[in-house]
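What follows is a set of notes on a single structure, which appears directly below.
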Amino acid sequence: MATGKYTRVDNRRSSASSYCSTVTIVVFVALCLVGVWMMTSSSVVPVQNVDVPQEKKSELNEQDNNKVDVKEQVSDNNEGTTRQFEDNPGDLPEDATKGDSRDGATQVEEKVEGKSEEKTEEKFVEKTEDTPEEKTEEKNEEKSEDGSKTETEDGVSKTEDLDSKVENGESNQEDGEKKSDGTENDNEKKSDSSDDDKKSDETKDTENVNGQIEEKVDLTDTKESDGEKKENGQAKNQSSNEVFPSVAQSELLNETATQNGSWSTQSTESKNEKEAQLSSNQQTSYNWKLCNSTAGPDFIPCLDNLQAIKSLHSTKHYEHRERHCPEEAPTCLLPVPEGYRRSIEWPKSREKIWYYNVPHTKLAQVKGHQNWVKVTGEYLTFPGGGTQFKRGALHYIDFIQESVPDIAWGKRSRVILDVGCGVASFGGYLFDRDVLAMSFAPKDEHEAQVQFALERGIPAISAVMGTKRLPFPGKVFDVVHCARCRVPWHIEGGKLLLELNRVLRPGGFFVWSATPVYQKLADDVQIWNAMKELTKALCWELVSINKDTINGVGAAIYRKPTSNECYEKRSQSDPPICANTDDPNAAWNVPLQACLHKVPVDAKERGSEWPEQWPSRLDKTPYWLLSSQVGVYGKPAPEDFTADYEHWKRVVTKSYLNGMGINWSSVRNVMDMRAVYGGFAAALKDLKIWVMNVVSVDSPDTLPIIYERGLFGIYHDWCESFSTYPRSYDLLHADHLFSKLKKRCNLVAVVAEVDRILRPEGKLIVRDDVETINELENMVKSMQWEVRMTYSKDKEGLLCVQKSLWRPKESETLKYAIA
């Protein structure tokens, strides 16, 4: 091919004078044809504005570089006429035809080398006021002159090399020469062929630019009539150097915008992409270290910041159990407990776990007699008991429903909050009643209680009722439960009970199983009397006080009002009604206030009605999502909600469940790190798993929607560590999260946090842009994770990886976490 190229250059130089005469003839013929067409045609297409610049460009190129592209000129003239006026190379001398073909290939090469990104951008700006037809001419020029183009290969969007483009252009020209030499009047045959054949040929010639075509078509504003599209498409198809498939051509001709508008120029996009690639390529290796802290393998950065805890002025309100995140999130990896083994699968894990996975025995010594946990050989076993249900959780669960049948576990009551959960046996056995329990307890002297729960496959977080609101929206829990949870509800104006009132759904129940309910000791009586006054002030109705004779305990069950009538009739406004400016959904690092939030009464307001019974509420669009609201993805909110659910059902069914090689029977604890509407969790409803839906604090607040459909979740800032123990989750899912986080967080620290909360052999599924996917893949490979699958298409990527047991040998001491 190289020899042929230089031969064409030599021929061109030796016959320059012949080409000049050829140019004159061609221009004259073209002008004549245009004149005839204008006199005979009933409609005028403004192509002369395009022909003149093309002619001038050819003359300038001839003067400056002694290069003439006759074939391109003939083609451009043909673009301004219909097929019946198509020029025929048979009218020209044979040597002129051959010379044109050779010059066409050479000029493509030299134009590619000579054009810069700045010139492309300049041309785009200068032509913003041209007609649609002129803009289309311009786009074809840019495509042939630009230094690079995008191709789609095996679903991966790639940038084609400059030299490859030039070689492809020459190859196409040479193919044209061979066809011309082998047959007579080649163009006459083309004009006689059908439009379908022509479109097919164009498509074959331009397979390599499909990616770029699709990108252009996305910006198209279709306003032209079908007749105009067809006519303009035929005009463009006359070009001998065909660049676009006919369908994409007609779509491009629909572009009518006269300004850049919301879209950046190609040169700007290309420049940004190159800079992004350079920045992403700057770090390809990572020097991971092992975290050295007092907590060792159980380190929770925001709860084990001992330096911050020591500097607290008071611990009266459990401030030392609240989150105190370090200024910089750690980038080191945690050690794995010696003897760690793959977790036992659900449901066996509810009864027993491997001792060496959570090697703590203190709780067994303190609470063993209450059937919390026991040490049995190489296992820690859980008889299913608790402080208030020594004889088992299932009986206790049934006792509550018998006391108040309206609770209706798994139908009316689907999502509950278990305060001071211990090892979460209550929540663990509620799965048998189709109920999800968000269990929480502090990281305190009840050693590893939440860690036990998570290892058993029961949802739980480390949290405390202290000085700040819980990380949940208002009015979302169907039931709140406290069994000897050791929370002083009655003190300081009932501030902590008012926090439960905030998160409890109107008409929801508060189940309080504690000694003041059924014992007559002096302290118990005092607390009971205080609670009677407080719950009356909150307008909570005491619907039941029953005693469980088997477990020897009692429970008081209250119901939150569904209207504001009681609030308005109170003789004293104590606690006071919260100000109208107080948002009950604001929950991230918001201090507690001793005020009462009103019940919503507007029929279109969330909380004014009880959700559909489970499982109908999972699929049903919440009644308070209005078409006037714009959803996260830009559609009216109800349509957005439905489209999201349909999307995730397709993805989960066709890809996640069957296409990734994941053994879902070994998956129990799942987290959706960017949940939006909870569609991912909803699509997994038939599996024996639970999903912690996380809504980032800098994302649209869709967490109430997730609760409304009978799922649960939490607010979180991923620039900080999550309030959970290490090795808590079997699978993490992140949909377009990391690309957003790296704009404001240290991505290495986020990946280290992912490593912390994911179990060895756990899976991470990431959907994001290709640049972020590549960056993450490099990171996890440096931690010796196994890449199970990668896939990309149209600059979007999918990554599935599996965490390994590998740990670095070099360590890093975290001074703030050393006692």
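Heavy-atom accessible area of Ile344 with all protein chains present, probe 1.4 Å, nearest 10 Å²?
Number for this one is 30 Å².
Go ahead and run the numbers for FRET between Cys325 and Asp582, Cβ-Cβ distance against an R0 of 30 Å, rounding to 0.05.
On the way: r = 26 Å, r/R0 = 0.85.
Using R0 = 30 Å, I get an efficiency of 0.70.
What number comes out for accessible area per residue over segment 486-617 if the probe is 1.4 Å? Units Å², please.
50
Figure the gain on full extension for Ile25 and Lys362 (residue separation times 0.36 nm, minus the Cα-Cα span) and round it to one decimal in nm.
Extra length from Ile25 to Lys362 when fully extended: 111.3 nm.
Would you work out the charge dipole size for segment 650-807 about its Cα centre, treating the Cβ of every Lys and Arg as +1 and the Cβ of every Asp and Glu as -1, and quote it to the nearest 20 debye?
About 400 debye.
Go through Ser628, Val651, Val599 and say which Cα lies farthest out towards the positive end of the charge dipole of segment 564-657; charges sit on Cβ, +1 for Lys and Arg, -1 for Asp and Glu.
It is Val651.
On a 24 Å Cα-Cα criterion, which of the cross-link pairs Lys560/Lys649; Lys348/Lys547; Lys688/Lys803 come out too long?
Going by Cα-Cα distance, Lys560/Lys649; Lys348/Lys547 fall outside the 24 Å limit.
For segment 576-719, how big is the tail of P(r) above 25 Å, as a whole percent of Cα pairs? Let's see the in-between values first.
Working: 3644 of 10296 pairs.
Cα-Cα pairs of segment 576-719 separated by over 25 Å account for 35 percent.
Taking the convex hull of the Cα atoms, report for segment 528-579 its projected area averaged over all directions, in nm².
Here the figure is 4.6 nm², rounded to one decimal.
Suppose R0 equals 30 Å. What FRET efficiency, 1/(1 + (r/R0)^6) with r the Cβ-Cβ distance, do Ser811 and Arg342 give to the nearest 0.05?
Step by step, r from the Cβ atoms, then E = 0.75.
Quantify, in whole percent, the carbon and sulfur part of the accessible surface of segment 749-791 (1.4 Å probe; protein heavy atoms only).
Solvent-exposed carbon and sulfur of segment 749-791 make up 39 percent of the total.
Give me the net charge for the shell around Gln802: Cβ to Cβ below 15 angstrom, other residues only, Lys and Arg +1, Asp and Glu -1.
The answer is +2.
Over segment 347-394, what number does the Rg to Rh ratio reach, with both radii from the alpha-carbon atoms and Rh per Kirkwood?
My calculation of the ratio gives 0.96.
Could you run the Karplus curve 6.51 cos²θ - 1.76 cosθ + 1.60 with θ = phi - 60° over segment 469-478 and give me ³J(HN,Hα) per residue in whole Hz, x for Gly and Pro?
Result, rounded to whole Hz: 5, 5, x, 10, x, x, 6, 10, 8, 6.
What's the extension gain from Ile491 to Lys620 if we count 0.36 nm per residue and subtract their Cα-Cα distance?
Gain on stretching Ile491 to Lys620: 42.4 nm.
Run the simple label-point estimate for Ser571 and Asn287 please: 7 Å along Cα→C-beta, distance reported in nm.
My value for the distance between the label points is 7.3 nm.
If R0 is 41 Å, what FRET efficiency do you get for Ser655 and Glu605 from their C-beta distance, rounded to 0.05? Mind dumping the intermediate values first?
On the way: r = 38 Å, r/R0 = 0.92.
So, using R0 = 41 Å, E works out to roughly 0.60.
Carbon-plus-sulfur fraction of the accessible area of segment 568-608, 1.4 Å probe, in percent?
46
Over segment 317-401, what percent of the accessible surface lies on carbon and sulfur atoms, probe 1.4 Å?
Solvent-exposed carbon and sulfur of segment 317-401 make up 48 percent of the total.
For segment 404-481 and segment 495-509, what is the centre-to-centre distance using only Cα atoms, to the nearest Å?
15
Using label points projected 7 Å from each Cα along Cα→Cβ, tell me how many nm separate Lys547 and Val525, to one decimal.
For the pair Lys547/Val525, the computed spacing is 1.6 nm.
Using a 10 Å cut-off on Cβ atoms, rank the peptides 285-296, 467-478 from the highest mean neighbour count down. Provide the component values of the computation, followed by the final result.
Working: 285-296: 16.4, 467-478: 23.0.
Final packing ranking: 467-478, 285-296.
Find the accessible area per residue for segment 431-471; the probe is 1.4 Å, ligands and nucleic acids are left out, and the unit is Å².
Roughly 21 Å² per residue, with all protein chains present.
Given H placed on each backbone N at 1.01 Å, which residues far from Gly713 in sequence or on other chains put an amide H within less than 5 Å of it?
Asn693
Treat every Asp and Glu Cβ in segment 501-571 as -1 and every Lys and Arg Cβ as +1, leave all other atoms uncharged, and give the resulting dipole magnitude about the Cα centre to the nearest 20 debye.
That gives segment 501-571 a dipole magnitude of about 180 debye.
The values are calculated or read from the model by the stated rules, or taken from the named source; none is laboratory data. Owing to the predicted nature of the structure, the values given are computational and were not obtained by experimental measurement. All Cβ positions, even for glycine, are placed from backbone atoms using ideal geometry, and neighbour counts span all protein chains on display. Accessible surface is based on the protein model in full, side chains and every heavy atom, while ligands, DNA and RNA are left aside. Shrake-Rupley method; radii C 1.70, N 1.55, O 1.52, S 1.80 Å.
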